[in-house]
1. Give me the dipole magnitude in Debye, nearest 20, for the chain about the Cα centre, with unit charges on the beta carbon: positive for Lys and Arg, negative for Asp and Glu.
2. Using 0.36 nm per residue of separation minus the Cα-Cα distance, give me the extension gain between Leu578 and Lys157 in nm, one decimal.
3. Report the dimensions of region 491-583 along its three principal axes from the alpha-carbon atoms, largest first, rounded to Å.
4. Go through Lys170/Lys571; Lys305/Lys467; Lys170/Lys579; Lys27/Lys116; Lys452/Lys490 and tell me which ones have a Cα-Cα distance over 24 Å in this structure.
5. Which values, in whole Å and largest first, are the semi-axes of the equivalent ellipsoid of region 437-535 obtained as the square root of 5 times each eigenvalue of the Cα gyration tensor?
6. With the dipole of the chain worked out from charges on the C-beta (+1 for Lys and Arg, -1 for Asp and Glu) around the Cα centre, which of Ile487, Gly323, Leu10 lies farthest toward the positive end?
7. Need the C-alpha centroid separation for region 83-145 versus region 562-584, integer Å.
8. Give the lysines reachable from Lys260 as a straight Cα distance under 18 Å; neighbours fewer than 8 places away on the same chain don't count.
Amino acid sequence: MYRSHTCGELRASHINKEVTLAGWVQKSRDKGFIVWVDLRDRYGITQLVFDEERTPKAMMEKAQNLGREFVIQVTGTVIERASKNPNIPTGDIEILVSELTVLNEALLPPFTIEDKTDGGEDIRMKYRYLDIRRNPVKNSLIFRHKVTQEVRNYLSKEGFIEVETPYLIKSTPEGARDFVVPSRMNQGQFYALPQSPQTFKQLLMVGGMDKYFQIVKCFRDEDLRADRQPEFTQIDCEMAFVEQEDILNAFEGLTRHLLKEVNGVEIDQFPRMLYDDAMRLYGNDKPDIRFGMAFGELNEVAQHKDFGVFNSAELVVGIAVPGGNAYTRKEIDQLIDWVKRPQIGALGMVYCRCNDDGTYKSSVDKFYDQDDLAKWAEATGAKAGDLICVLSGDKNKVRAQLSALRMELAERLGLRNPNEFAPLWVMDFPLLEWDEETERYHAMHHPFTSPKPGQLELLATNPGEVKANAYDLVLNGNEIGGGSIRIHDKKTQALMFDYLGFTEEEAKAQFGFLMNAFEYGAPPHGGLAFGLDRLVAILGGQETIRDFIAFPKNNAGRDVMIDAPAPIDNKQLEELSLKLNLKS
Ligand code: ASP
């Protein structure tokens with residue numbers, strides 16, 4: 001038996017008990033006549049004591065030579081501590097050691113294994129196994145475990161069956177690039193790793209599984225934007241014989257359950273917002289509604305004066321910054337510079353101070369009088385003491401710019417409290433999305449998403465206007481899940497493929513199996529998937545998902561610990577009949 005107790009377990013009630021512990025040396029303090037060692041394992045830290053009077057000389061020396069992160073086993077008696085440490089649960093006791101075994105020595109770690117470490121991100125990624133010994137990472141992984149357990153409990157109780165689907169498949173339609181795997185047994189052919197189990201879960205519905213879920217890895221070969229991973233985990237779900245409302249209720253229930261069990265937060269009904277309203281009011285399909293600052297469109301009240309910039313703009317839109325009139329001229333100039341940075345791309349910003357005495361002072365006083373500005377205040381909900389920030393230009397661009405400004409200001413004003421949870425369903429997404437690069441429409445969600453009833457005809461005349469039975473769950477300004485009601489008849493599916501520019505042959509080659517399945521009695525079905533990594537990070541009150549992933553990749557998609565990806569040797573290439581043609 002390596003240990004009788006863990007390092008987080010012993011209390012005053014154990015005093016005088018003989019115990020055996022095992023763990024890592026967090027640190028030791030050597031006063032010459034007395035040595036204290038902090039022994040750490042997953043469960044906590046227990047203080048060990050060796051002293052001249054009671055410890056044999058040889059063991060005393062051994063204790064003095066213990067290095068950081070040595071793995072040791074000790075047997076000893078639990079005694080009361082002279083000076084107690086109220087900050088740790090084992091702080092009332094220490095172990096007077098009678099036997100000490102070094103199970104394994106350790107090199108000096110490249111960074112300190114403490115809550116506040118001196119190691120930078122890169123070095124900690126390289127030695128991730130050491131980083132995992134630190135509380136912030138360890139606790140995040142334990143937290144993730146708790147969330148996944150609760151997901152499994154809840155969904156199982158609700159009658160969902162967890163089914164595994166394969167990883168070696170062929171291209172899935174989530175719109176990203178596939179990771180591919182060459183097949184040795186089928187020379188010249190490749191598997192694709194799933195971007196999601198989308199087609200399989202639909203086939204499970206055709207197979208009569210009725211309610212499916214899976215906590216599953218998905219792979220998307222995308223250029224990594226901040227805080228994305230090439231492999232990530234979804235809570236993937238599908239249900240048969242359901243309408244949109246059934247799915248929203250089921251997964252609102254799951255989210256409510258998680259918030260309650262994991263965070264102790266009870267939230268009633270989640271608010272719902274149409275996609276069009278989210279774009280109009282927040283310039284964003286995943287609005288953070290922990291705070292207000294909704295957009296006020298100003299075309300009616302700001303155009304047709306003599307201000308050419310506004311007159312020529314498709315959209316003039318503003319927000320009221322609470323208390324923003326307190327900003328100095330310099331601070332406002334800095335805000336203007338902020339929106340003009342290339343990442344945001346605004347050409348400029350007009351502002352209007354709302355003075356305490358009810359008057360207004362704008363940067364365009366030449367064109368607008370007090371009555372005009374009062375209308376701006378009304379449209380943006382600005383009160384005395386606020387600052388109205390106004391952007392103008394192309395509708396889509398200006399919405400994105402003002403949305404970025406809204407988030408930045410909220411951050412500065414401390415309005416994004418990580419311990420507050422504001423879920424929101426965003427509904428009725430467009431079915432299609434215009435792609436500038438290819439100059440054609442793409443499925444906004446994926447090509448199996450069903451249009452809203454009666455809207456199929458609009459495809460021919462007004463494709464951009466067609467709305468889908470598609471929904472996202474947003475939490476604190478992050479999309480944590482999304483899904484749709486699916487097309488379940490072959491004819492509509494063929495029409496969609498046709499519309500999306502697949503020839504019949506292409507559609508057949510890529511998704512023929514699904515179209516065939518639809519000929520054998522596909523039930524009406526729909527589902528959604530949650531991004532588990534992000535969900536866990538938000539519930540854990542953090543913005544970054546990396547700490548919640550045991551072995552994450554860096555921004556270049558590399559695992560710097562195992563050094564992957566890496567070249568393979570020629571023999572392996574030969575076996576696969578592959579030849580490299582690298583552009584140097
Ligand atoms: N497969 C979709 C996704 O990964 C989710 C869904 O439609 O259920 O985004």
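1. On the way: 70 positive and 89 negative charges, 320 e Å.
Roughly 1540 debye for the chain.
2. Values: separation 421, 0.36 × 421 = 151.56 nm, distance 4.86 nm.
Extra length available between Leu578 and Lys157 comes to 146.7 nm.
3. 49, 48, 24
4. On the way: Lys170/Lys571 26 Å; Lys305/Lys467 36 Å; Lys170/Lys579 22 Å; Lys27/Lys116 14 Å; Lys452/Lys490 17 Å.
From the list (Lys170/Lys571; Lys305/Lys467; Lys170/Lys579; Lys27/Lys116; Lys452/Lys490), the Cα-Cα distance tops 24 Å for Lys170/Lys571; Lys305/Lys467.
5. Details: eigenvalues 115, 62, 40 Å².
Sorted largest first and rounded, they come to 24, 18, 14 Å.
6. Farthest along the dipole direction, towards plus: Leu10.
7. Result: 39 Å between the Cα centres.
8. Lys146, Lys157
Quick note: the coordinates plus some simple rules give every number you see, no bench work behind them. Predicted, not measured: the structure shown is a model, and the values here were computed from it. All Cβ positions, glycine included, derive from the backbone under ideal geometry; neighbour counts span all protein chains shown.
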